[in-house]
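One structure is given below, encoded as structure tokens.
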Amino acid sequence: MKEELYKKAVTVLENNWKDSFSIPCANLYPFQWKWDSGFIAIGFAHFDMPKAQKEIETLLDAQWENGFIPHIIFHTDNDSYFPGPNFHRSDLHPLSSKKYKSTGMTQPPVIGFVLEDMYKISKEKNESLKYIETVIDKVFFNHQYFYSKRDPQNEGLVYIYHNWESGTDNSPIWDDIWATMNPPEYTFERRDTTHVDASERPSKREYDHYLHIIEIAKEHNYSDEKIAELSPFLVQDPLFNAMLIKSNESLINLYTLIGGNADKIEQLEKWQQKSKTSFNAKLYDEEIGAYIHYDLRNEKPLRFLSSSSFAPLFANIPSQEKAAKMVEVMMDKFGGKDQYLCASFDPTSDRFNPKKYWRGPVWINLNWLLFYGLKNYGFNDISNRVKKDSIEMIEKNGFFEYFDSRKEIHTDGKAGYGGNHFSWSAALLIDMLNN
Ligand code: DGY
């Protein structure tokens, strides 16, 4: 075990802890983010279980009365971030939290599997299960929200209505959707580019698109029905849906451990069956040899390879045969000797940019999903390489938000980009070092 690095990771998490929740990193992201919180809780679970539990409890406390969990909870007034609470106006939705200001969009549903991981990590299994009993129904309610409000064609695949819901914020995949839109040129003051070099962040024009989708949702008070009808961005995302499916599986396991709850288990199994079937039928692209996104608004597949294409390995979605094909594609396009695994976008594409946010760099959370996903299917050597690459990038550069995938760039310790002292990079390193 790498003692020094481990200690540094613990310090990152301790410094980003704000009494009842964690920030992803100072200045750039000064509030609580949903999927960040989940990954952070897994890190804390290894050395401070009460904080891990509190992290999730705080997030779930911000759940809306319809089961929805927002992507950012604005716990404090902080003008180092744009767009803040006064832009998002979650109060427009009649069932939004009365206690917390938030956004009106969500992020990948990781909390189900996070709870199961916390249970597995815990040394006090009884105590851990008692805690889980106090929160699990909220997570079930959240899944119920997704299946009843985000699946208009009743396919078992839920939509996202904004690129920020995907978690892969400015992926080149969305370029095809931006090409169908022509939003106004908004006047606003970016804050992200005062903290981080503009070459590592989305462009002003991309932000116009991001804001425009939110303006449309706000015009309709964040009504799910209206969003499904009108949002220019409506996508079935393989990463998002894989997280939901993995979390379904974890909820089934946890309810089984708790005992009772036959009705909830039965419902989860029904969702699970339908979701997995549709996922394989609709999102697997034979020719590409991996999973892709589907543009529900324009009814067309978005045929691009990204790290999201491989995330279904984490949720046991592909058959062994499909998994083998995916790994072949991954190693062929992303896994050359001169590359760190795993770039966030196809390095052989002309849309690839190894410095810019989600347009190419390596992210530790996606690597963490791959580390376990590859192991699931017995690809132990490649799984270990993902872990080794992740450790090496952090050791050389620090706990950055994302990293250049080109090994040759990593000689002077400046190949880490975006925010520094980034919580999930620390949290998931702690978890990988323990495994
Ligand atoms: C940002 O501001 O870039 C965030 O990732 C949105 O979630």
Inset, instruction - Could you identify the single residue in K387, K396, K375 that is without any contact (Cβ under 8 Å) to a residue 12 or more places away in the chain, of a type outside the set (A, V, I, L, M, F, W, C) and not in a loop (DSSP other than H, G, I, E, B)? - result: K375
Inset, instruction - Could you tell me whether any residue of region 128-144 is free of Cβ contacts under 8 Å to residues at least 40 places away in the same chain, over 21 Å from the mean Cα position of the chain (by Cα) and assigned to a loop (DSSP other than H, G, I, E, B)? - result: no
Legend entry - Among (1) within 21 Å of N15 (Cα to Cα); (2) within 16 Å of the ligand (Cβ to nearest atom); (3) over 20 Å from the mean Cα position of the chain (by Cα); (4) of a type outside the set (K, R), the one test that P85 misses: (1)
Inset, instruction - Taking the options Y222, Y186, name whichever one is surrounded by 19 or more Cβ atoms within 10 Å (Cβ to Cβ) and out of contact with any strand residue (DSSP E or B) (no Cβ under 8 Å at 6 or more places or on another chain). - result: Y222
Inset, instruction - For region 383-410, name all the residues that are hydroxyl-bearing (S, T, Y), in contact with a Pro (Cβ under 6 Å, 6 or more places away or on another chain) and more than 24 Å from T11 (Cα to Cα). - result: S405
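Looking at S148, is it small (G, A, S), assigned to a helix (DSSP H, G or I) and touching a residue at least 60 places away in the same chain (Cβ under 8 Å)?
Here the answer is no, as S148 does not meet what is asked.
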Inset, instruction - Inspect all residues belonging to region 336-348 and state whether any of them is closer than 19 Å to V12 by Cβ and surrounded by fewer than 24 Cβ atoms within 10 Å (Cβ to Cβ). - result: no
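So that you can scan it fast, the table gives a plain yes or no per residue for (1) farther than 23 Å from F314 by Cα; (2) in contact with a helix residue (DSSP H, G or I) (Cβ under 6 Å, 6 or more places away or on another chain); (3) modelled with pLDDT of 95 or more; (4) within 16 Å of the ligand (Cβ to nearest atom):
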| site | (1), (2), (3), (4) |
| --- | --- |
| H143 | no, no, yes, no |
| K149 | yes, yes, yes, no |
| Q153 | yes, no, yes, no |
| Y161 | yes, yes, yes, yes |
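Every residue, every condition in (1) part of a helix (DSSP H, G or I); (2) away from the ligand (no atom under 13 Å from the Cβ); (3) within 18 Å of Y29 (Cβ to Cβ), yes or no:
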{"residue": "E165", "(1), (2), (3)": "yes, no, yes"}
{"residue": "D175", "(1), (2), (3)": "yes, yes, no"}
{"residue": "I214", "(1), (2), (3)": "yes, no, yes"}
{"residue": "N221", "(1), (2), (3)": "no, yes, no"}
{"residue": "K246", "(1), (2), (3)": "yes, yes, no"}
{"residue": "E249", "(1), (2), (3)": "yes, yes, no"}
Legend entry - Matching residues, region 25-81, being touching a Leu at 6+ places or on another chain (Cβ under 7 Å), away from the ligand (no atom under 16 Å from the Cβ) and not hydrophobic (A, V, I, L, M, F, W, C): G43, E65, N66
Inset, instruction - Would you be able to tell me the number of residues in region 68-103 that are buried (at least 20 other Cβ atoms within 10 Å of the Cβ) and either of a type in the set (S, T, N, Q) or in a strand (DSSP E or B) (or both)? - result: 8
Inset, instruction - Just name the residue that is nearest to I56 (Cα to Cα) out of those in region 133-157 that are surrounded by fewer than 22 Cβ atoms within 10 Å (Cβ to Cβ) and β-branched (V, I, T). - result: V135
Legend entry - Positions within region 22-48 being more than 20 Å from H195 (Cβ to Cβ) and in contact with a strand residue (DSSP E or B) (Cβ under 7 Å, 6 or more places away or on another chain), in sequence order: S37
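The values are calculated or read from the model by the stated rules, or taken from the named source; none is laboratory data. Bear in mind that the values here come from a model prediction, so they are computed numbers and not experimental data. With ideal geometry, Cβ positions are generated from the backbone for all residues, glycine too; neighbour counts draw on all protein chains shown.
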